[in-house]
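Worksheet: the structure to be examined is printed underneath.
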Amino acid sequence: MSPSSKKFKKQSSSKAVKPPREDNDPSLPSFSSLPDEIVLDCLQRVPRSYYLNLCRVSKTLRSLVRSPELSRLRSLLPKNSVYVSFSENDAPHLTHRWFTLKKTTMKTAMKTFGYKLVKIPILFPSHHHMYNSSAVAVGSEIYFVGGSFKPLSDLWILDTRTGMFTQGPSMRVARTDEASVGVINGKIYVIGGCEDKRQAEVFDPKSRNWKTAKNPEEKSQRGLMTRLSAVSLDWKVYTVEVGRIGVYDPREGKRKETLKIPSDTVWCMCVVNDVLYACYFQQGLMGFDVNRKVWVKVVGLRTLNVKFDVSVMTEYDGKLAILWCEIDDTKTKKEIWCSVIALDWIGQGIRGTIEWSGIVATMPNYYEFHNFLVVSD
């Protein structure tokens with residue numbers, strides 16, 4: 001108890017307003033009064049980016065956050081896998097090559113672990129619709145929606161557990177890859193990509209049915225220089241547009257707001273621990289502060305030599321994984337680089353810590369990034 005609170009208590013009479021109860025008052029419910037097993041069960045579901053703040057709450061929480069038991073419990077949670085596909089543009093017929101990002105052990109003085117892109121253990125088919133469509137993952141399945149330049153109403157589904165590639169029910173409206181595709185509460189929302197840029201529909205993977213969704217009240221303007229047109233966060237779909245990021249709320253069928261962006265080009269977006277991040281061509285990596293409605297530059301990444309114009313990124317085990325390519329001196333090979341970054345909010349800023357960075361694969365020069373998706377095992 002602080003000296004000021006002690007003084008306040010001595011001067012208070014029985015008729016005066018009672019001072020606030022102390023935190024150690026046993027009559028008050030306290031999180032720390034719960035058994036360690038229950039607290040650990042709660043902590044294992046908290047994103048790692050909040051652990052630094054939790055350590056400052058109390059010695060008890062700090063001890064539990066740093067305990068081996070919490071690490072063990074987190075290791076038992078369902079895992080996500082990163083799937084990367086490359087289009088082989090030099091082949092007679094367009095071919096897809098699928099890989100997954102795998103953590104490996106290393107025995108060097110500087111590093112004890114690393115990452116590699118390895119071929120998936122199951123043979124995935126190479127289908128032209130994988131290239132001419134928009135892709136999104138729900139659970140262990142990858143959905144390929146619509147067409148590319150030519151509008152299509154097709155839906156194809158890839159089961160990553162079995163490698164089965166099947167055609168699903170068609171959309172009500174044919175769409176191109178200019179459609180914005182996002183996942184909200186396990187359902188796939190598709191907006192635009194057709195003559196009516198506001199037309200939206202939703203697909204339920206459980207019932208395997210399409211339904212018309214509420215249409216946005218204004219037309220969207222897609223940005224051309226983007227690697228990923230839409231992401232989902234907090235029951236909303238965020239779409240990259242010209243000079244802004246549109247926010248579509250399917251519950252109300254309208255844009256709740258638009259996020260202004262710096263006078264820069266957005267190359268790709270993703271969500272990590274419920275925070276929206278974007279790669280800008282000049283500004284680099286930035287996160288969006290929803291409370292202040294401003295973009296915040298991620299600091300601490302000066303040594304990260306990412307070429308954002310040839311990069312893709314996604315959430316990986318509560319961290320940010322960025323992949324980019326660099327052509328070697330012979331001009332015949334591409335080195336695929338990967339950085340795994342831990343992100344922490346410090347006050348009103350974001351600090352990035354590079355946990356690992358290096359080459360994960362070497363590919364022929366004619367391989368091009370196509371899909372970068374996270375699926376549940």
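Values computed for the structure shown
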quantity	calculated
Condition check for Gly287: closer than 17 Å to Tyr277 by Cβ and in contact with a Gly (Cβ under 7 Å, 6 or more places away or on another chain)	no
Residue count, the stretch 97-119 (criterion: at pLDDT 80 or above, farther than 13 Å from Val360 by Cβ and surrounded by fewer than 18 Cβ atoms within 10 Å (Cβ to Cβ))	1
Tally of residues being modelled with pLDDT under 70, assigned to a helix (DSSP H, G or I) and surrounded by 13 or more Cβ atoms within 10 Å (Cβ to Cβ) across the stretch 29-62	4
Scope the stretch 178-192; condition hydrophobic (A, V, I, L, M, F, W, C) and closer than 13 Å to Tyr143 by Cα; matching residues	Val181, Val183, Ile188, Val190
Every residue from the stretch 304-362 that is within 25 Å of Asp289 (Cβ to Cβ) and of a type in the set (S, T, N, Q)	Ser311, Thr314, Ser339, Gln348, Thr353
All positions within the stretch 189-206 that are in a strand (DSSP E or B) and within 16 Å of Glu252 (Cα to Cα)	Tyr189, Val190, Ile191, Ala200, Glu201, Val202
Strands (runs of 3 or more DSSP E) contained entirely in the stretch 80-169, each with at least 3 residues that are free of Cβ contacts under 8 Å to residues at least 60 places away in the same chain	95-105, 155-159, 165-167
Matching entry among Glu315, Glu335, Glu368, Glu326 (being in contact with an Asp or Glu (Cβ under 6 Å, 6 or more places away or on another chain) and modelled with pLDDT under 90)	Glu326
Elements of type strands (runs of 3 or more DSSP E) contained in the stretch 296-354, each with 3 or more residues being more than 22 Å from Val118 (Cα to Cα)	333-346
Qualifying residue in the stretch 63-72 (condition: at pLDDT below 85, assigned to a loop (DSSP other than H, G, I, E, B) and within 30 Å of Ser207 (Cβ to Cβ))	no
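The values are calculated or read from the model by the stated rules, or taken from the named source; none is laboratory data. On a predicted model such as this, the values are computed, not experimentally measured, just so you know. Positions of Cβ are backbone-derived with ideal geometry, glycine not excepted, and every protein chain shown enters the neighbour counts.
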